[in-house]
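Note sheet for the following structure.
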Amino acid sequence: MTEKKISITFTVAECGEYHGFGEYHEDILTLEEAVRIFNTIPPERMNGIPSIGIRLHVDGTESWEDSQVDVFTGEGIDVGMLKLTPEIYRHPKTQEAVKQLMEMFPDKEIIDY
């Protein structure tokens, strides 16, 4: 049995509650690029709570089967929500991304439950 290749990319949404409101960016390869895009969304036209998400894709599957969870919002870094998606949470690249977010935004609340 061959193990399937898993890839992690990032998303940025102007409205984390409803990704269809405002800007939505996906297939972002690095966290640094996701943060850069997140910071370019003008706050005066925010249609909701902006977010950075993590998407997991298994090679050989359809994109609609991907797992995605928003981990960074205007309020903080939502580790608790991430833990509810264990296939994403356990991936080493996810662990590194969360660590980087904590370093990049030391003033943000860590939400964990």
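Readers should treat all values here as calculations from the given coordinates under stated rules, not as data from a laboratory. If you're wondering where the values come from, they're calculated on a predicted model, not measured in any experiment. Note: ideal-geometry Cβ built from the backbone for every residue, glycine included; neighbour counts use all protein chains shown.
Remark: spin-label model distance GLN100-GLU44 equals 3.2 nm, labels positioned 7 Å along the Cα→Cβ axis. Axis angle, to the nearest 10 degrees, between helix 92-104 and the longest C-alpha principal axis of the chain: 20 degrees. Amide H contacts of GLY16 (H built 1.01 Å from N, in plane; Pro and chain starts excluded): ILE49, SER51 sit under 5 Å, all sequence-distant by 5 or more or on other chains.
This ranking places PHE21, PHE38 by how few other beta-carbon atoms lie within 10 Å of each, fewest first, which gives PHE21, PHE38. Between segment 1-26 and segment 51-113, the C-alpha centres lie 10 angstrom from each other. If you run the Gaussian network model on the chain, springs between alpha carbon atoms under 10 Å, then out of ARG55, ARG45, ARG36 the most flexible one is ARG45.
When the alpha carbon gyration tensor of the chain is reduced to an equivalent ellipsoid, the three semi-axes, largest first, read 23, 17, 12 Å. Most simply put, the chain has about 85% antiparallel DSSP beta bridges, counting only bridges with both residues inside it.
Every helix of 4 or more DSSP H residues in the chain counts as -39500 (n - 2.57), and over all residues that averages to -7500 deg cm²/dmol at 222 nm.
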